[in-house]
1. Counting Lys +1, Arg +1, Asp -1, Glu -1, what net charge surrounds D154 among other residues with beta carbon under 11 Å of its beta carbon?
2. When ranked by the protection proxy of mean other Cβ atoms within 10 Å per residue, highest first, what sequence do the peptides 206-216, 119-129 form?
3. With springs only between Cα atoms under 10 Å apart, run a GNM on the chain and tell me which of G188, G54, G196 wobbles the most.
4. Provide the packing ranking of 257-264, 46-53, i.e. peptides ordered by the mean count of other C-beta atoms within 10 Å per residue, highest first.
5. Where nothing but the Cβ of Lys and Arg (+1) and of Asp and Glu (-1) is charged, how large is the charge dipole of the chain around its Cα centre, in debye to the nearest 20?
6. By the scheme Lys and Arg +1, Asp and Glu -1, what is the net charge of all other residues having a beta-carbon under 13 Å from that of D265?
7. Compute the whole-percent fraction of alpha carbon pairs in segment 30-82 spaced more than 17 Å apart.
8. With only alpha-carbon pairs counted, each pair once and no self-pairs, how large is the Kirkwood hydrodynamic radius of the chain in angstroms?
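Since every read-out is calculated from the coordinates, none of them should be taken as a lab result. Only a predicted model underlies this, so the values are computations on that prediction, with no experimental measurement involved. As a convention, Cβ positions derive from the backbone with ideal geometry for all residues, glycine included, and neighbour counts pool all protein chains shown.
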Amino acid sequence: MDRLGTVERGQAWRAIAASVAGTGHERRSLPNQDAVAWRSRGGWLWGAVADGAGSAARSQWGAQRAVETVTAVLGVQVAAALATSRAGSDRPDPEPQNSLAARLRDGLKTSLALARADLETLARQENIPLRELACTTIAIAAGPNLAIAAQIGDGAAVVADAAGQCHTLTRPQQGEYANETVFLTGDGAIAAIVYGEFQGTLAHVALFSDGLQRLALELPSGDPFGPFFAPLFQFVQASDDPAAAQETLSAFLRSPKVTARTDDDLTLLLGSLHPGQGDRPTAENAPQ
């Protein structure tokens, strides 16, 4: 099997996700328009974060459907990519385009394309314009030695290696004009996908919506702000109770140290790879 797909016996992901309404939305009696979902199996983690457009009437519908579709499709794509990698491991001089990384990148693109198609179907069913479901979307597939992320819009994906060094996979994406956000529902969204890749010994991953950008990233460079991530990665690595950990993470996102810096909806997916007794076959979705 491709080295990038190799999983040591007992390796498993611990993941925690939380999504809370921003203080600005609460003041205006608006719902949380973010969503998050994830799955893990066999030393691999995949998931998505979506941020509904504040100007779109039903963007929370779009965000929730987007993460559900992306995560479901991406699970199939990850399994297929790994199976193909195993099947081709004995072949001499495999073609570069058949690498696991390339297949996962294609799988991410497929998952986002099908999520957009699903939103088009939902818009027709509800007899509403597609733009009312507008949302940004970030997706990731991560194993012990490889992480691939794909992004439409703002927010970011960050990973940390075994030495604790953080790396930005994807940065906030803007449209043709300043302050213009790219949405999954927009024309040319799939062609506008940006990708990021990390190869090396992987320890942690993080996906987050744009509400956390000013805390998590050094702007305007988009480099990770290490002091933000280090305690969070330590927290998820040490967490044994998923429900309690989610409550703690939600409380952190609602804390004054965070809300003093942003009034937007806040969504964060954290994953930590470590020796364990197997993956938890669960997913955390954004509260309604």
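1. -3
2. Answer by packing, highest mean first, reads 206-216, 119-129.
3. Checking each option, the largest mean-square fluctuation is seen for G188.
4. Ranked by mean Cβ neighbours within 10 Å, highest first: 46-53, 257-264.
5. That gives a dipole near 320 debye.
6. -4
7. 40 percent
8. One over the average 1/r among Cα pairs gives 18.8 Å for the chain.
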